[in-house]
2 protein chains.
Amino acid sequence: MRRFGQVIGLHPDRYDEYVKAHAAVWPGVLAMISACNIRNYSIYAFGKDRLFAYFEYVGDDFTADMARMAADPETQRWWDWMMPMQDPVEGRAEGEWWMELPEVFHHD
Amino acid sequence: MRRFGQVIGLHPDRYDEYVKAHAAVWPGVLAMISACNIRNYSIYAFGKDRLFAYFEYVGDDFTADMARMAADPETQRWWDWMMPMQDPVEGRAEGEWWMELPEVFHHD
């Protein structure tokens, strides 16, 4: 299992819409998250302009699973709605949308 | 089980020291974390001035467990070292050091 911490910005004027959307994520989007071996996935808000995500990846080919997720039409429709609300942070790696953060501590 | 997401600032000039300390946290501090019903505890860095934490609380009295942790002499010595490196964020609740963040999404 591999743990991920990620950060992204959010346009504050879209905060309420983003929270409301995430209180009722489309079932097909959730099913694809599970099918792509993502578990225990949480998103937290810091103010109205910053999101922090934590999840656990239990598969053995993260790149392939993310490509599978990105090819799913319902996930694409969801992202077409979500991505304009988000504001990726400076300093993220090439190709990243959410920026992956270094883990500085873990205790089971 | 209750999940927590938290944020705090870090003085950038102490980043390297903070990371090094957390690569070798004192065994007594780790034992107290476990004894106080904290599980799956991760800390991530965003740049050198921001930390995000995620953990799971499996006990039934979080306030009492945190009081127990705060009363532990070795934990106090650890905090005496860590806290001057940290820079709590504006907007946290009264009595908070790390600010607890609202969860906007969770999927098991």
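The values are calculated or read from the model by the stated rules, or taken from the named source; none is laboratory data. The structure presented is a predicted model; accordingly, all values stated were derived computationally and were not measured. Cβ sites come from the backbone with ideal geometry, for glycine too, and all protein chains shown count toward neighbours. Keep in mind that these areas ignore ligands, DNA and RNA; they rest on the heavy atoms of the full protein, side chains included. Shrake-Rupley method; radii C 1.70, N 1.55, O 1.52, S 1.80 Å.
Descriptive notes on the structure:
- Proximal lysines relative to B:K20, as straight alpha-carbon distance under 17 Å, when same-chain residues fewer than 8 apart are discounted: B:K48
- Average other protein chain Cβ within 10 Å of Cβ, residues A:36-47: 6
- Mean per-residue shielding of peptide A:8-18 is 0, counting Cβ atoms of other chains within 10 Å of each Cβ.
- Equivalent ellipsoid semi-axes, region B:2-101, via Cα gyration tensor eigenvalues times 5, rooted, Å: 21, 16, 13
- Remark: accessible area buried at the A-B interface is about 3200 Å², both chains counted, probe radius 1.4 Å.
- Of every Cα-Cα pair in region B:64-107, the percent that sits beyond 16 Å: 55 percent
- Compared with the alpha-carbon gap, the fully stretched path from A:M66 to A:V25 is longer by 12.9 nm at 0.36 nm per residue.
- Cut-off 10 Å between beta-carbons: net charge of the residues surrounding B:V29, Lys and Arg +1, Asp and Glu -1: -1
- Euclidean distance of C-alpha centroids, region A:45-108 and region B:1-78, integer Å: 24 Å
- Local electrostatic count at B:G59 - Lys and Arg +1, Asp and Glu -1, tallied over other residues with Cβ under 14 Å: 0
- Position A:D80: other-copy label points at 6.1 nm, ordered by increasing distance, label point 7 Å along Cα→C-beta.
- Whole-number percent relative contact order across chain A, with pairs defined as alpha carbons under 8 Å at least 6 apart: 41 percent
- Extreme residue, positive dipole direction of region A:2-101, given options A:M99, A:M82, A:V19 (C-beta unit charges): A:V19
- Peptides B:11-21, A:43-53 ranked from most to least packed, by the mean per-residue count of other Cβ atoms within 10 Å: A:43-53, B:11-21.
- Only Lys, Arg (+1) and Asp, Glu (-1) charged, at Cβ; the protein assembly as shown dipole about Cα centre in debye: 160 debye
- Convex hull of Cα atoms in the protein assembly as shown, direction-averaged projection (nm²): 12.5 nm²
- Neighbours of B:P84, meaning other residues whose beta-carbon lies under 14 angstrom from its beta-carbon, give a summed charge of -2 when Lys and Arg score +1 and Asp and Glu score -1.
- Label 7 Å beyond Cα on the Cβ vector: A:P12 copy-to-copy distances, nm: 2.2
- Neighbouring partner chain Cβ atoms per residue of B:97-104, average, 10 Å criterion: 5
- Shortest-first nm distances, B:R92 label point to equivalent points in other copies (7 Å, Cα→Cβ): 2.7
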